[in-house]
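J.: Sending over a structure as C-alpha cells; questions will come in a sec.
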Amino acid sequence: MNKLIKKIEAAGLLGRGCGTFPTAKKWLAVLNAPGREKYVIVNCSESEPGIFKDEFILDNYPELVLDGLKLAMRTLNASQGFIYLNPIFNSRFRNKIQILIGHDNIEIFSEPSKSYIAGEESTIVNLMEGKREEPRFKPPFVLEKGFLNKPTLVNNCETFYDIALINQGKYKRERFFCIAGDNTPKNIFKFPETITVKQALLESGHYPNFKFFIQLGGAMAGICLAADQLDDYAIQYYGGLIIHELAKDERQLVNKWLEFYKKESCGQCVPCREGTYRLYEMYNAKDFNHQLFADIIFAMQNSSLCSMGKMAATAITSYFENIKKCKKR
Ligand code: SF4
C-alpha cells in the first residue's frame, strides 16, 4: 500500500464532511479504479447553517489545504485538482488560494449559487460539468465515475488539512468544532475527537447557564439532544453544535426546519420533493395528523434518492422524541 495512504489508515481519519467515510478507503478506491485520468476535488461548499469550520480553515490555514490537495494528486496520479468554493468563499478566498496554487494543475471552481445540495459530491461533479444541480443515481459512485466519468476523489476541506498534518507527523486525532446559538458567542475550537459533547461545552466555557437543548451537527441537519444526553455522544462525527433555549417556540422552530428543506429540495425525486412540501402543509393545518406526518417521514427516510431527503426530518423527529418531554418537566 502507498506510504501516505498507510499513514492515513493508521491515523483512523474519517471524512470531515457529513459522510464520515474512512479516508484511506476512499483514496484506495480511487487509486485502484481503472483509468489513467483521475481528478481530486476539495469540497469547500460548507452549506450547513451554524457550521463554519471550513471558513475558518480557509481563512487561517489555506496552505495546509493546498498541501493536502497536492499530496492527494501525487498519491493518486491525478491529472488535475480542483478547489470547489461556495460563492461567498469564492469572493473571500479566491485570490489568496490562487497565489498558493503556483504552477500546479489546480483550478478553482465557484458554485453557481449557494445552495444546500450543491455540497453533495455527485452534485458537485454535475455542476462542474455544467449539468443540473442535483445528485446522481448511485452506483456508480464518483470514486469510479466522477468528473467527466473518470475516477474522482472528493474530500472535505478539513480532510485535506488533516492529510497535510498526517504527512508532517503532526496529526493528533483532533477536529475543529463550532459552537453557536442562543446567548452564545459564535466560536470555534479544536478538540480531541473522542471527547463528549458535554466535555466540549464545559471545556470551551460555553455550557449554558439557562435551560437548553442542543442540535448536534448543525442548525438544519443536526440531531436535537437534551442536556442529560450530552455524555452519550462524542464529537467525532460532527462539525459543531447549536445551543437552543429550551423555552423556544416550537412552532417557529419546526417551521424553520420545514421551510428550509422545502426550499432546498432539488426536486429530482418524489419522496423529498413532495414530502418536504406535504410535511410543511400538514404541520400548519388545523388538524395535525401525527400518524400521516410520521408515515411521510418514514417514506422519505427510506426512499429518497440522496441523504438530504433521508435526513430532512432528523431535527424534527429528534426534537419530538428528545426535547418535548423536557419542556413538560
Ligand atoms: S432527496 Fe431531495 S435533494 Fe436529494 S435528489 Fe431527492 S429531491 Fe433532490
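J.: What length, rounded to one decimal in nm, is gained on full extension from residue 249 through to residue 284, with 0.36 nm per residue of separation minus their alpha-carbon distance?
T.: My answer for the length gained is 11.2 nm.
J.: Further question: Kindly put 272, 157, 306 in sequence by how many other C-beta atoms sit within 10 Å of each C-beta, fewest to most.
T.: Values: 272 26, 157 30, 306 20.
Fewest to most other Cβ atoms nearby, the residues stand as 306, 272, 157.
J.: If we count other beta carbons within 10 Å of each Cβ, what is the order of 103, 206, 244, 290, fewest first?
T.: Lowest count first: 103, 290, 206, 244.
J.: Using the 10 angstrom Cβ neighbour count as an exposure proxy, how do 188, 101, 214 rank, fewest first?
T.: Ranked by crowding around the Cβ, least crowded first: 101, 188, 214.
J.: Aspartates and glutamates near residue 138 by alpha-carbon distance under 18 Å, same-chain residues fewer than 8 away left out - which ones?
T.: 120, 121, 129
J.: Let me ask another. So if R0 is 22 Å, what FRET efficiency would residue 1 and residue 21 give, r being the distance between their Cβ atoms, rounded to the nearest 0.05?
T.: 0.80
J.: Shifting gears a bit: Mind checking the full-extension length gain between residue 74 and residue 317? Use 0.36 nm per residue of separation minus the Cα-Cα distance, one decimal, nm.
T.: Here the answer is 83.1 nm.
J.: For the range 250-328, what class follows from the C-alpha gyration tensor (a ≥ b ≥ c being the square roots of its eigenvalues): rounded when a/c is under 1.5, otherwise prolate if a/b is larger than b/c, else oblate?
T.: prolate
J.: Hey, another quick one. If the elastic network links every pair of Cα atoms under 10 Å, which of 150, 286, 96 fluctuates the most in the Gaussian network model of the chain?
T.: In this elastic network of the chain, the residue with the biggest mean-square fluctuation among 150, 286, 96 is 286.
J.: Helix-only estimate, please: 222 nm mean residue ellipticity of the chain, summing -39500 (n - 2.57) across DSSP H runs of length 4 or more and dividing by its residues, to the nearest 500.
T.: One gets -13000 deg cm²/dmol as the mean residue ellipticity at 222 nm.
J.: Please compute the modelled spin-label separation between residue 114 and residue 277, points set 7 Å along Cα→Cβ, answer in nm with one decimal.
T.: 2.7 nm
J.: Let me ask something else. When only Cα pairs under 8 Å and 6 or more residues apart are kept, what is the percent relative contact order across the range 180-329?
T.: Reported relative contact order: 25 percent.
J.: Among the trypsin sites (Lys or Arg not before Pro) in the range 25-72, which ones are in a DSSP loop with at most 11 other Cβ atoms within 10 Å of the Cβ? Mind listing them?
T.: Answer by residue number: 36.
J.: Also: On a 0 to 90° scale, report how tilted helix 23-32 is relative to the longest principal axis of the chain, with both axes built from alpha carbons and the result rounded to the nearest 10.
T.: Taking the Cα atoms of the chain, the angle to 23-32 is about 40 degrees.
J.: Could you tell me what percent of the DSSP beta bridges with both partners in the chain are antiparallel, to the nearest 5?
T.: Here the share of antiparallel DSSP bridges comes out near 45 percent.
J.: Shifting gears a bit: Need one number: nm distance between label points at residue 325 and residue 92, each 7 Å from Cα along Cα→Cβ, rounded to one decimal.
T.: 4.0 nm
J.: Give me the extension gain from residue 182 to residue 207: residue separation times 0.36 nm, minus the current Cα-Cα distance, reported in nm with one decimal.
T.: Details: separation 25, 0.36 × 25 = 9.00 nm, distance 1.17 nm.
Roughly 7.8 nm would be gained on extension.
J.: Given the pairs 211/248; 262/327; 96/186; 186/262; 70/96; 186/327, which span a C-alpha to C-alpha distance of over 19 angstrom in this model?
T.: Cα-Cα > 19 Å for 262/327; 96/186; 186/262; 186/327; rest within.
None of the figures in this text is laboratory data; all of them are computed from the coordinates on show. All values reported here derive from a predicted model rather than from experimental measurement. With ideal geometry, Cβ positions are generated from the backbone for all residues, glycine too; neighbour counts draw on all protein chains shown.
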